[in-house]
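This report concerns only the one structure given below.
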Amino acid sequence: MNAIESYQLVKSYPGRGGAVQALRGVTFSVQRGEIYALLGPNGAGKTTLISILTTLLAPTAGRAAVAGFDVVTQSAEVRRRLGVTFQEIVLDTELSGRQVLDVHGRLYGLDHPTRKRRIAALAALVELSDVLDRKTGTYSGGMKRRLELARGLLPSPQVLFLDEPTQGLDPQNRAGIWRYLRRLREEEGITLLLTTHSMEEAESLADRVGILDDGELLLTGSPAELIGQMGADVVTLAGTGDVGRQSALLAGLPFVTSLVHHVAEGPLGEPSICFQIGVDSGERRLAELIAATLAAGFAIHQVAIHRPSLGDVFLACTGEQLRDG
Ligand SMILES: Nc1ncnc2c1ncn2[C@@H]1O[C@H](COP(=O)(O)OP(=O)(O)OP(=O)(O)O)[C@@H](O)[C@H]1O
Ligand SMILES: [Mg+2]
């Protein structure tokens, strides 16, 4: 059984200049025990999708189910089985970490001994045991995020939704959150859907990723599958010249598997056109690429070859550089 399923999910928000189409028919599924990362530029619809799946927002059209229950018609069943942490941190700064967790546990109807046991276990998991009786107003950003994670986990959810769980965290705190999430999956078989802007996070944590852009799921697959589609290597070629002519030339070469370009800053601060060219073999094709480019009158400033990463997939797919962090 899939832990999360959506079919042709549409969400439009009313707006002054007409409705904003935040989701335009999103169909996807996440298996039980899987870690799925949603990547997408700002405004892609990630938070909207999480809000619908966690029953906080009603879809305009389409269907979705979490843990086998419909998010609209069986929302109480869904809520009983999910945990969520939000993109914006919402903590009562006057309460201690322990009080925040306790209030949440009562909200979920957990009895006193269960609350006590789970709060102690979760505080240990997210390494907050020592500061649990301090007011959350005195916590660092990393401690707040960790407390939010513990709160999301308190009701022992089958499916946990995390909207940008490591936004704004330093590398130590990020690594900590990744460690806790891996443990949860291994020890409790929990299903995780997270959103992130960090390709490092997606590559290191996720079994599968989905790239959402402007309300559409453009690609989904394991990081290795998506990277494999790029070709064996990516050649970055930057310079000045006729973009249209150069693009047509590159796209016409039989060994080019993907092509995107954007404007970057050249070595002297002048605008430079940067092509990212997926090729079957960088070493073998470099001379041909350079010769064809020069013959077309394009002045080359810089050339580099690298193995493709999820960031290259994202760029090829959305035309935008992935913000890492
Ligand atoms: N309550 C709302 N009313 C109107 N428009 C909204 C509302 N919430 C979101 N939107 C719009 O819907 C689109 C998707 O927004 P959403 O917050 O889901 O994106 P996101 O992928 O989470 O972005 P980010 O990476 O910045 O968090 C955007 O165009 C946004 O402006
Ligand atoms: Mg968001």
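Laid out as a table, the results:
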| quantity | calculated |
| --- | --- |
| Listing of strands (runs of 3 or more DSSP E) fully contained in the range 219-308 that carry 3 or more residues being in the same structural domain as Ser29 (by TED's automatic domain parsing) and without any contact (Cβ under 8 Å) to a residue 24 or more places away in the chain | none |
| Selected residue [within 30 Å of Leu23 (Cβ to Cβ), β-branched (Val, Ile, Thr) and either under 32 Å from the mean Cα position of the chain (by Cα) or surrounded by fewer than 20 Cβ atoms within 10 Å (Cβ to Cβ) (or both)] from Val209, Val243, Val279 | Val209 |
| Pairs with Cβ under 6 Å, 6+ apart, first in the range 101-117 and surrounded by 14 or more Cβ atoms within 10 Å (Cβ to Cβ), second at pLDDT 95 or above and β-branched (Val, Ile, Thr) | Leu101/Ile119 |
| Matching helices (runs of 4 or more DSSP H) fully within the range 109-217 where at least 3 residues are closer than 25 Å to Val90 by Cβ and modelled with pLDDT under 90 | 171-188 |
| Residue satisfying condition, being touching a residue at least 60 places away in the same chain (Cβ under 8 Å) and surrounded by 16 or more Cβ atoms within 10 Å (Cβ to Cβ), within set Thr27, Thr85, Thr55 | Thr85 |
| All positions within the range 282-317 that are among the polar types (S, T, N, Q) and surrounded by 20 or more Cβ atoms within 10 Å (Cβ to Cβ) | Thr293 |
| Residue check for Tyr36: more than 25 Å from Gln158 (Cβ to Cβ), assigned by TED's automatic domain parsing to the domain that holds Leu205 and crowded, with 19+ Cβ neighbours inside 10 Å | no |
| Asp207 being in contact (Cβ under 8 Å) with a residue 12 or more places away in the chain, under 30 Å from Gly25 (Cβ atoms), within 16 Å of ligand 1 (Cβ to nearest atom) and not polar (S, T, N, Q) | no |
| Looking only at the range 58-69, and only at residues there that are surrounded by fewer than 19 Cβ atoms within 10 Å (Cβ to Cβ) and at positive phi, the one that is farthest from ligand 1 (Cβ to nearest atom) | Gly68 |
| Hey, Gly25 within 16 Å of ligand 1 (Cβ to nearest atom) and closer than 24 Å to Arg208 by Cα or not | yes |
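The values are calculated or read from the model by the stated rules, or taken from the named source; none is laboratory data. Please read these numbers as outputs of a predicted model, since none were measured by experiment. All Cβ positions, glycine included, derive from the backbone under ideal geometry; neighbour counts span all protein chains shown.
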